[in-house]
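Asker: Dropping a structure here in structure tokens format, bear with me for questions.
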Amino acid sequence: MIGDQSHYHIENDPEYSGLNVNQGIEPLPSVNADSVKRFLKNKKNRSLSIQQYVDGILNGDITLLSQAVTLVESSKPEHQEIAQDIIVKCLPFSGNSVRIGITGVPGVGKSTFIEAMGKHITSQGKKLAVLAIDPSSERTKGSILGDKTRMEDLSTDPNAYIRPSPAAGSLGGVARKTRETIILCEAAGFNHIFIETVGVGQSETAVHSMVDFFLLLMLSGAGDELQGIKRGIMEMADAITINKADGNNMEKAALARIQYLNALHLFPATESGWKPKVLTCSAYLKTGISEIWDTINEYLVLVKSNAYFQHRRNEQSKFWMYETINEHLRNNFYQNEQIKKLMVESERKVMKEEISSFVAAKKILDLYDQIRKNN
């Protein structure tokens with residue numbers, strides 16, 4: 001046995017000629033738990049001021065932008081207070097982007113399309129923020145947030161920022177705080193904003209109420225083209241794009257395009273004066289992308305020339321003012337402890353058919369009115 005037993009290597013015995021194994025290094029000391037606690041405590045205490053957040057966002061600091069968006073999405077009252085102060089200061093620097101909503105049936109290739117279109121935009125020196133709304137589980141409220149893994153090229157692009165957010169069960173699959181996140185991204189210098197929704201199935205009114213251009217992605221060869229989508233969503237679309245128009249799917253895509261064009265002719269004229277177009281593309285092969293981008297720009301030229309662009313922005317701002325009021329009143333109602341207690345009791349009585357749903361609701365609302373009067 002040669003040397004210290006703890007560093008003994010049998011390969012160094014004389015009988016194994018031609019082999020030599022180094023002894024290596026002494027084991028490193030374990031991490032000091034107290035040092036870790038001090039580090040975490042100091043990190044926690046290094047909170048930034050409102051102005052530091054704002055200055056960082058205006059300077060295009062992605063880290064501070066992400067932290068501010070996290071505050072916006074937080075449900076904690078103290079975080080919401082900070083977030084609203086940041087938004088107020090960033091508001092004068094927002095509004096200078098093109099906001100594009102992108103939705104479509106599941107499996108249509110939204111992420112692939114967004115990456116292809118996004119790279120087309122950033123290649124022109126423009127800055128793009130992608131707000132990708134991920135489905136939240138109805139059971140666990142959890143979300144995969146996997147869009148960055150599906151947009152490998154775009155996620156490493158210095159001119160792109162991808163922010164996946166859980167839908168959290170809100171209208172149309174749009175994250176509850178997406179509207180405020182748009183403001184922060186615009187203040188950070190992103191002049192193009194994509195909002196990707198969960199997909200067709202719920203009302204898409206929410207996303208339509210926060211974008212300038214609404215793009216609907218569809219597939220061909222998936223049964224009856226017009227049965228898989230609600231008429232209301234088609235009426236909101238400024239353009240319909242049939243993705244995966246490649247290989248053996250080319251003829252099916254061309255046929256689907258004609259079907260959608262015929263369907264659009266049945267709809268009433270749009271308020272903007274724009275005639276929605278139907279296009280085909282292959283996001284995978286990156287064909288048809290430039291034509292779609294030209295269509296978006298053609299639309300923007302029209303609506304800015306006839307003043308519809310600003311009119312729509314104003315209507316959206318008014319809509320979100322009322323939405324914010326409604327959300328506040330709803331939260332104030334459901335978070336009241338007296339209301340919570342009466343709702344549990346009323347729910348039990350309704351389930352046992354001791355009282356009707358309408359009478360129970362009136363009693364709860366009467367209690368809420370009484371609480372407000374007393375306050």
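The values are calculated or read from the model by the stated rules, or taken from the named source; none is laboratory data. This is a predicted model, so every value here is computed, not measured. Because the Cβ atoms are built from the backbone with ideal geometry, glycine has one as well, and the counts that use them run over all protein chains shown.
Asker: Condition first: at pLDDT 95 or above and not in a helix (DSSP H, G or I). Now tell me which residues in region 98-121 satisfy that.
Answerer: V98, R99, I100, listed by residue number.
Asker: Taking region 73-108 only, how many residues are touching a Leu at 6+ places or on another chain (Cβ under 9 Å) and surrounded by 21 or more Cβ atoms within 10 Å (Cβ to Cβ)?
Answerer: 10
Asker: Working only within region 339-360, note down all residues that are surrounded by fewer than 16 Cβ atoms within 10 Å (Cβ to Cβ) and in contact (Cβ under 8 Å) with a residue 12 or more places away in the chain.
Answerer: Selection gives E347 alone.
Asker: In addition: Does region 286-309 contain at least one residue that is assigned to a helix (DSSP H, G or I), of a type in the set (K, R), modelled with pLDDT of 95 or more and under 30 Å from K126 (Cα atoms)?
Answerer: Within region 286-309 (the criterion being assigned to a helix (DSSP H, G or I), of a type in the set (K, R), modelled with pLDDT of 95 or more and under 30 Å from K126 (Cα atoms)), the answer is yes, since at least one residue qualifies.
Asker: Going residue by residue through region 334-353, is there one that turns out to be among the acidic types (D, E), part of a helix (DSSP H, G or I) and more than 30 Å from E180 (Cβ to Cβ)?
Answerer: Yes, some residue in region 334-353 is among the acidic types (D, E), part of a helix (DSSP H, G or I) and more than 30 Å from E180 (Cβ to Cβ).
Asker: A further question follows. So is K275 in a loop (DSSP other than H, G, I, E, B) and either exposed (fewer than 15 other Cβ atoms within 10 Å of the Cβ) or not hydroxyl-bearing (S, T, Y) (or both) or not?
Answerer: When the stated conditions are applied, K275 passes them.
Asker: Please go through region 53-97 and give me each residue that is without any contact (Cβ under 8 Å) to a residue 24 or more places away in the chain, outside any loop (DSSP other than H, G, I, E, B) and either touching a Lys or Arg at 6+ places or on another chain (Cβ under 6 Å) or of a type in the set (G, A, S) (or both), ordered by number.
Answerer: G56
Asker: Based on what the data block shows, is I50 of a type in the set (A, V, I, L, M, F, W, C) and within 30 Å of L285 (Cβ to Cβ)?
Answerer: No, not satisfied.
Asker: Out of all the residues in region 183-194, is one or more in contact with a helix residue (DSSP H, G or I) (Cβ under 7 Å, 6 or more places away or on another chain), under 16 Å from G104 (Cα atoms) and at pLDDT 65 or above?
Answerer: Yes: one or more hits.
Asker: Also, quick follow-up: Would region 257-272 turn up any residue that is touching a helix residue (DSSP H, G or I) at 6+ places or on another chain (Cβ under 8 Å) and among the charged types (D, E, K, R)?
Answerer: Yes: one or more hits.
Asker: May I pose another question? More than 14 Å from M218 (Cα to Cα) and more than 25 Å from the chain's Cα centre (by Cα) - does that describe any residue in region 253-262?
Answerer: Yes: one or more hits.
Asker: Which one of these does T70 not meet: (1) β-branched (V, I, T); (2) crowded, with 18+ Cβ neighbours inside 10 Å; (3) within 17 Å of the chain's Cα centre (by Cα); (4) at pLDDT 90 or above?
Answerer: The single condition T70 does not satisfy is (2).
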